[in-house]
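A short worksheet on the structure shown next.
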Amino acid sequence: MIAIGGNALILDGQRGTIAEQRENARETARHIADLVAAGWGIVVTHGNGPQVGFILLRSELVPEDAPVPKLSLEMSVADSQGGIGHILGEALLNELAERGFPDRVACVLTHVVVDPADPAFARPTKPIGPFYARGEAEAKAVRDGWTIIEDSGRGYRRVVASPEPVRIVELAQIRLLVEAGYVVLAVGGGGIAVVEFAPGQYRGVEAVIDKDRASALLATSLEVPLLILSTGVERVAVQFRQPNERWVDRMTRSEAAACHAAGEFPKGSMGPKVEAAIRFLDRGGKEVLITTPAALGRAIEGKTGTRIVPDR
């Protein structure tokens with residue numbers, strides 16, 4: 001399984017136009033297609049942070065009296081799954097066809113069950129959407145019931161719950177597609193958060209599921225042996241950007257947990273990936289590889305990347 005960040009489609013300094021996202025998707029797809037041609041079965045997951053932000057901002061720009069409905073967070077996540085799935089899926093279809101594997105991609109709109117009693121619903125922490133001036137943010141908090149925070153001196157933003165993923169609704173369908181030899185795109189943006197209010201009956205909720213946590217859950221549910229978490233650097237570093245910075249080729253589960261507990265991996269960057277790696281290994285996963293999309297082939301060959309493995 002390869003988990004791609006939403007920022008992989010929008011690079012630093014880019015506006016995030018569709019043309020830019022298509023070009024970046026082609027580059028990522030080229031490396032994934034090389035792995036398929038080499039005999040790997042692949043499941044791809046992806047983030048959606050910038051894209052869902054665009055969707056929410058677009059909805060906010062619609063005047064109140066316009067004959068266009070505002071989108072809920074649930075619908076925005078669903079929209080982003082479809083849009084990113086189209087961009088990545090098209091790029092993968094084209095790259096695989098060039099290697100002799102036509103029409104081998106399936107994108108599954110994915111719902112992920114969360115617990116309505118999850119403590120995260122009482123303590124929203126995940127910033128989403130655009131920045132607002134204080135007065136506008138306070139007005140939205142009163143009118144729409146939002147929880148608002150000041151975000152790093154850049155303005156005020158809405159925060160929502162980020163509950164634990166419990167179960168993937170479309171797991172059986174994803175498994176069938178994988179077994180049939182398709183490259184499957186799934187749990188986009190961490191999945192659409194739903195609660196199961198009766199057996200087999202679901203309702204969407206206003207929440208964001210961490211993409212790496214959902215990817216780890218899907219990987220263990222499918223019994224995938226290797227989870228690849230792509231990021232902006234080829235390897236994990238300890239003492240990052242410090243005089244004694246050290247790049248790591250291999251860590252055990254305990255070593256990764258100790259470094260994380262010591263604050264080596266910030267919450268907004270490498271932290272969620274290391275947490276997801278630990279969860280995957282604790283649930284029976286065999287190996288985690290952290291690297292960039294461009295370095296996938298070299299990382300699998302052992303020439304770069306950071307491997308996190310079970311304790312022996």
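Descriptive notes on the structure:
- The single condition from (1) out of contact with any strand residue (DSSP E or B) (no Cβ under 7 Å at 6 or more places or on another chain); (2) farther than 26 Å from Lys273 by Cβ; (3) assigned to a helix (DSSP H, G or I); (4) not aromatic (Phe, Trp, Tyr) that Glu20 fails is (2).
- Some residue of segment 233-240 being in contact with a Phe, Trp or Tyr (Cβ under 6 Å, 6 or more places away or on another chain), touching a residue at least 12 places away in the same chain (Cβ under 8 Å) and charged (D, E, K, R): yes
- Matching residues in segment 289-298 - criterion: being in contact (Cβ under 8 Å) with a residue 60 or more places away in the chain and either of a type outside the set (A, V, I, L, M, F, W, C) or within 21 Å of Thr220 (Cα to Cα) (or both): Leu289, Ile290, Thr291, Thr292, Pro293, Leu296, Gly297
- For segment 39-67, taking the residues that are of a type in the set (Gly, Ala, Ser) and in contact (Cβ under 8 Å) with a residue 24 or more places away in the chain, the one that is surrounded by the fewest Cβ atoms within 10 Å (Cβ to Cβ) is identified as Gly41.
- Residue pairs meeting the criteria (Cβ under 7 Å; at least 6 apart or on separate chains; first touching a residue at least 24 places away in the same chain (Cβ under 8 Å), in segment 248-271; second of a type in the set (Gly, Ala, Ser)): Val248/Ala237; Ala256/Ala277; Phe265/Gly271
- Spans of helices (runs of 4 or more DSSP H) in segment 71-182 with at least 3 residues surrounded by 18 or more Cβ atoms within 10 Å (Cβ to Cβ) and at pLDDT 95 or above: 73-98, 171-179
- Here Ile209 clears all of (1) buried (at least 24 other Cβ atoms within 10 Å of the Cβ); (2) not in a loop (DSSP other than H, G, I, E, B) except the condition numbered (2).
- Test: residue in segment 280-288 that is within 22 Å of Gln239 (Cβ to Cβ) and either in contact (Cβ under 8 Å) with a residue 60 or more places away in the chain or under 19 Å from the mean Cα position of the chain (by Cα) (or both): yes
- Hits in segment 146-196 - residues which are touching a residue at least 60 places away in the same chain (Cβ under 8 Å) and within 16 Å of the chain's Cα centre (by Cα): Val184, Leu185, Ala186, Val187, Gly188, Gly189, Gly190, Gly191, Ile192, Ala193
- Residue in segment 228-243 that is in a strand (DSSP E or B), within 21 Å of His111 (Cβ to Cβ), more than 21 Å from the chain's Cα centre (by Cα) and hydrophobic (A, V, I, L, M, F, W, C) present: no
- Consider segment 7-28 and keep the residues that are farther than 17 Å from Thr292 by Cβ and among the charged types (D, E, K, R). The one that is surrounded by the fewest Cβ atoms within 10 Å (Cβ to Cβ) is Arg15.
- Qualifying position, being surrounded by fewer than 19 Cβ atoms within 10 Å (Cβ to Cβ) and either farther than 24 Å from Asn48 by Cβ or at pLDDT 95 or above (or both), among Leu217, Leu281, Leu289, Leu226: Leu226
The values are calculated or read from the model by the stated rules, or taken from the named source; none is laboratory data. Only a predicted model underlies this, so the values are computations on that prediction, with no experimental measurement involved. Backbone-built Cβ (ideal geometry, glycine too); neighbour counts: all protein chains shown.
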